[in-house]
Amino acid sequence: MSSASPGKAANGRFQVVCPILRESMVKKICILPGDGIGPEITAQAVRVLEALGLGLEMETALLGGAAVDATGDPYPEATRQLASQADAVLLGAVGGPKWDTLPREQRPERGLLGIRKHLNLFANLRPAVLYPELANASTLKPEIVSGLDILIVRELTGDIYFGQPRGIENRNGERFGFNTMHYTESEIRRIGRVAFEAARRRNRKVCSVDKMNVLETTQLWRDVMNELAPEYPDVTLSHMLVDNAAMQLVRAPRQFDVMVTGNMFGDILSDEASMLTGSIGMLPSASLDENGKGLYEPSHGSAPDIAGQDVANPLATILSAAMMLRYTFGMEDAACRVENAVKKVLAKGLRTGDIFEPGMTRVGTEQMGDAVLAVLG
């Protein structure tokens, strides 16, 4: 699979490029360990980045529940400043039941939404790739998922997650909850261009997912995608309603190449697609702005039930670091070194608990990090 981050072409249209920073520039990374298993898995990714000897400058800050505990704010000002100054952000995970009873504005997830909005990270790229060694770990039959390679492009800063008005009120003697779904034409166009450009570097197929038979917002989504399609005559555009797309992902997932959809649908479909690969612990993600700056994080959550036990799988975070090297820094060789190291470790039969199967060797979080470092070319 090959895709890259969105940038602006000379004609003002979005294209997928790998922005390469000048060699003389210090490459700054903001590390946000977060909550739960976040600090453990992020530590292993940092070790890998340090071992590459690229002269990367890394500084750590707080986000999510850890930030709430320390400052009362899930996205404190010090973190905002560091994230703004950095070229890229590497995040572990946020959240946990410890903070579920806090006012909504203080919950860890508000920190994640806040940094996405603050940095204008509008394009979320989630690859779902099945490593051959993990074919038996998938809940689907190997013949269904073998060779799976999907890229889900999710719009990240709009939709019902950010729409106003929203809230819970008392109306007519009972509680009334409401949220607002909306998209502008320009928001749809820019994420659509990311999907089309990514498809040009893959198998030249884009499936746009909506619910146009019920929601006017997604009727506009489909209309705009159809208007974009003639600009990409080498890419085939298809459409699918979100309920059917969810079903097709488990029925015949290899029919998809690039899927593009809105924030809420993308949140659900990308998690579904990730499990086709055997474990959500294997899948990285990138959230990008218009210039290639990105926030990189594993697709899984904070897993507080196993935090501190040295059993979490760090490979998705390590692969997220590889995505960062490729998409923000344009370091293709370094990204391939990291990805190849992960493949070698899997080929050796090393497995954390989430991907373990009989005949393999079970290892912990730090041991997996050690193994990747040992084979890093």
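Structure summary
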item	result
Only listed residue being surrounded by 19 or more Cβ atoms within 10 Å (Cβ to Cβ) and either more than 22 Å from the chain's Cα centre (by Cα) or part of a loop (DSSP other than H, G, I, E, B) (or both), chosen from 217, 180	217
Residue within segment 114-126 that is more than 22 Å from residue 43 (Cα to Cα), in contact with a helix residue (DSSP H, G or I) (Cβ under 7 Å, 6 or more places away or on another chain) and assigned to a helix (DSSP H, G or I) present	yes
Residue within segment 79-95 that is in contact with a Gly (Cβ under 6 Å, 6 or more places away or on another chain) and surrounded by fewer than 20 Cβ atoms within 10 Å (Cβ to Cβ) present	no
Selection from segment 39-72 of residues that are small (Gly, Ala, Ser) and either under 22 Å from residue 285 (Cβ atoms) or touching a strand residue (DSSP E or B) at 6+ places or on another chain (Cβ under 9 Å) (or both)	43, 45, 61, 64, 65, 66, 67
Count of segment 67-105 residues which are among the β-branched types (Val, Ile, Thr), within 21 Å of residue 42 (Cα to Cα) and outside any loop (DSSP other than H, G, I, E, B)	3
Close pairs from segment 228-254: first under 26 Å from residue 186 (Cα atoms), partner among the hydroxyl-bearing types (Ser, Thr, Tyr), Cβ under 6 Å, at least 6 apart	239/208
Residue within segment 241-255 that is over 24 Å from the mean Cα position of the chain (by Cα) and not acidic (Asp, Glu) present	no
Residue satisfying condition, being within 13 Å of the chain's Cα centre (by Cα), assigned to a helix (DSSP H, G or I) and not charged (D, E, K, R), within set 286, 273, 341, 334	273
Cβ pairs under 6 Å, 6+ apart, first in segment 261-287 and modelled with pLDDT of 85 or more, second among the aromatic types (Phe, Trp, Tyr)	263/161; 286/296; 286/327
Qualifying residue in segment 129-137 (condition: under 25 Å from residue 259 (Cβ atoms), crowded, with 23+ Cβ neighbours inside 10 Å and either of a type in the set (Ser, Thr, Tyr) or touching a strand residue (DSSP E or B) at 6+ places or on another chain (Cβ under 8 Å) (or both))	yes
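The values are calculated or read from the model by the stated rules, or taken from the named source; none is laboratory data. The structure presented is a predicted model; accordingly, all values stated were derived computationally and were not measured. Cβ sites come from the backbone with ideal geometry, for glycine too, and all protein chains shown count toward neighbours.
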